[in-house]
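So the structure is just underneath, and the comments pick up after that.
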Amino acid sequence: MKIDIREVKSKADRRLFIKLPARIHADHSNWVPPIYMDDRQYFNPAKNKSFKYCDAILFLAIRDGKVDGRIMGIINHRYNELHNENHARFSFMECWNAPEVANALLEAVRQWAGKKGMDKLVGPLGFSDKDPQGFLVYGFDAPMVIATNCNFPYMVDLVQENGFSKKVDLVVYKVDIPDEIPELYRNIYQRFMERNNVTIEEPTRKKHLKSLIRPVLSLLNDTFTEVYGFDQMEGKEMDEFAARYIPILDPKFVKVVKNSKLEVVGFIIGMPDVSKGIVKARGRLFPFGIFQIIRAGKKTKQLNLLLGAIREDFRGIGLDAALAVKIIETATRSRMEYIDSHLELEDNTKVRSEMERFGGKVYKRYRIFEKDIRAES
């Protein structure tokens, strides 16, 4: 049966695009719906500032009058210019196990990217590394956490059969929270605090979080320039990021280190896993979903790490140990039992060795794929 690829231009089609995953994953026990209010803003060019420096397009695959698949194409000009690349991205790809649908979706993005002079297609990768990235290739039995993809194994086969190969892997560690912080880390933390004129801020109110967002994300801009897929955020984008996450963050899992000049030199942001609450709320914050999400955060035994960074001149002197001690202390008081490290690039040996020193084990692996499209354009 013929597959029609339709560009999303209307509000109605955008709604179909956003709602499709719920149909595909209806019987997928580990899938967590998005927060739909966020999705409506994310995919709306009038609401998402990323559209101002990126070319982007949404496609639906229609068969027999029904939506059978979706995909987003992105060209991040800011990133391409910084890295001297001509790469396009595909993201938010969803379909059933139908090679003909997957091929039609990927071909639509390939043609679109080729006409714009791109020579490579990579993905899944959104506007930046702060969006869900990579297809899950290992750890399919583990529940999904926020800001990550959740896909069936067949999605990996579908893209590989289309000629895509591995670009880079990202791993996720599961770390059991120790009953007591290792003495080595406690000693490093104490020496760091004694030898450096710093303070560690531990917010207790969301109002405090709002004042920290821009300084924290500015540090991320300064320190993540070499991280694959990272794209710097401007002021408005920082505000959008804050609006997206502050409603579901617990302030006590945010630790910020400042030097004597009150400059942010390091931070870590964790969040109690609220996946079960989002499932119960069916992705809706209002009128009552937000309470289900907050309740889930209070009951969970899992702490998800979201972001962290250390200024270059404060690396290797114990600040990482100080952040680890503070976040584990709070997690222990909150009766957490384990930590999800979030996505770490497979070649980030420094962070990986820290996770493994705490006994962490890789329990998920995500893969970003690539395909040369020059010969096909």
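Here are the numbers:
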| read-out | value |
| --- | --- |
| Close pairs from the stretch 357-368: first farther than 23 Å from VAL159 by Cα, partner aromatic (Phe, Trp, Tyr) and crowded, with 18+ Cβ neighbours inside 10 Å, Cβ under 9 Å, at least 6 apart | ARG357/TYR185; PHE358/TYR173; PHE358/TYR185; GLY360/TYR173; LYS361/TYR173; VAL362/TYR173 |
| Candidates ASP273, ASP340, ASP313, filtered to the one that is out of contact with any helix residue (DSSP H, G or I) (no Cβ under 9 Å at 6 or more places or on another chain), within 30 Å of ILE368 (Cβ to Cβ) and charged (D, E, K, R) | ASP340 |
| Exclusive hit being over 17 Å from MET37 (Cα atoms) and not aliphatic (A, V, I, L, M), set PHE241, PHE230 | PHE230 |
| Check on GLY123, modelled with pLDDT of 95 or more, surrounded by fewer than 22 Cβ atoms within 10 Å (Cβ to Cβ) and not assigned by TED's automatic domain parsing to the domain that holds ALA296 | no |
| Single condition GLU240 does not satisfy, out of (1) touching a residue at least 40 places away in the same chain (Cβ under 8 Å); (2) outside any helix (DSSP H, G or I); (3) closer than 29 Å to ALA46 by Cβ | (2) |
| Any hit, the stretch 16-32, residues being part of a helix (DSSP H, G or I) and more than 22 Å from the chain's Cα centre (by Cα) | yes |
| Single condition ASP4 does not satisfy, out of (1) touching a His at 6+ places or on another chain (Cβ under 9 Å); (2) more than 25 Å from PHE140 (Cβ to Cβ); (3) acidic (Asp, Glu) | (1) |
| Filter result (in contact with a helix residue (DSSP H, G or I) (Cβ under 6 Å, 6 or more places away or on another chain) and surrounded by fewer than 22 Cβ atoms within 10 Å (Cβ to Cβ)) within the stretch 61-85 | VAL67 |
| Tally of residues being outside any strand (DSSP E or B) and in contact (Cβ under 8 Å) with a residue 24 or more places away in the chain across the stretch 63-81 | 4 |
| PHE17 vs. criteria within 18 Å of PHE135 (Cβ to Cβ), assigned by TED's automatic domain parsing to the domain that holds MET144 and aromatic (Phe, Trp, Tyr) | no |
| The stretch 84-136, residues that are among the acidic types (Asp, Glu) and either part of a strand (DSSP E or B) or within 14 Å of ASN151 (Cβ to Cβ) (or both) | GLU94 |
| Scan of the stretch 340-354 for residues that are of a type in the set (A, V, I, L, M), more than 23 Å from SER275 (Cα to Cα) and modelled with pLDDT of 90 or more, ordered by number | LEU345 |
| Unique match (being under 17 Å from the mean Cα position of the chain (by Cα), closer than 22 Å to ARG315 by Cβ and outside the structural domain of ILE269 (by TED's automatic domain parsing)) among TYR228, TYR173 | TYR173 |
| In the stretch 86-102, residue nearest to ASP372 (Cα to Cα) [restricted to those that are surrounded by fewer than 20 Cβ atoms within 10 Å (Cβ to Cβ) and not hydrophobic (A, V, I, L, M, F, W, C)] | ASN86 |
| Residue list for the stretch 169-225, filter: among the polar types (S, T, N, Q), more than 24 Å from HIS342 (Cα to Cα) and outside any helix (DSSP H, G or I) | ASN196, ASN197, THR199 |
| Search result, residues across the stretch 52-76 that are modelled with pLDDT under 95 and not basic (Lys, Arg) | TYR53, ASP64, GLY65 |
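The values are calculated or read from the model by the stated rules, or taken from the named source; none is laboratory data. It should be emphasised that the depicted structure is a prediction, and the values quoted were computed from it without experimental measurement. A quick note on method: Cβ atoms are made from the backbone with ideal geometry, for glycine too, and the neighbour counts reach across all protein chains shown.
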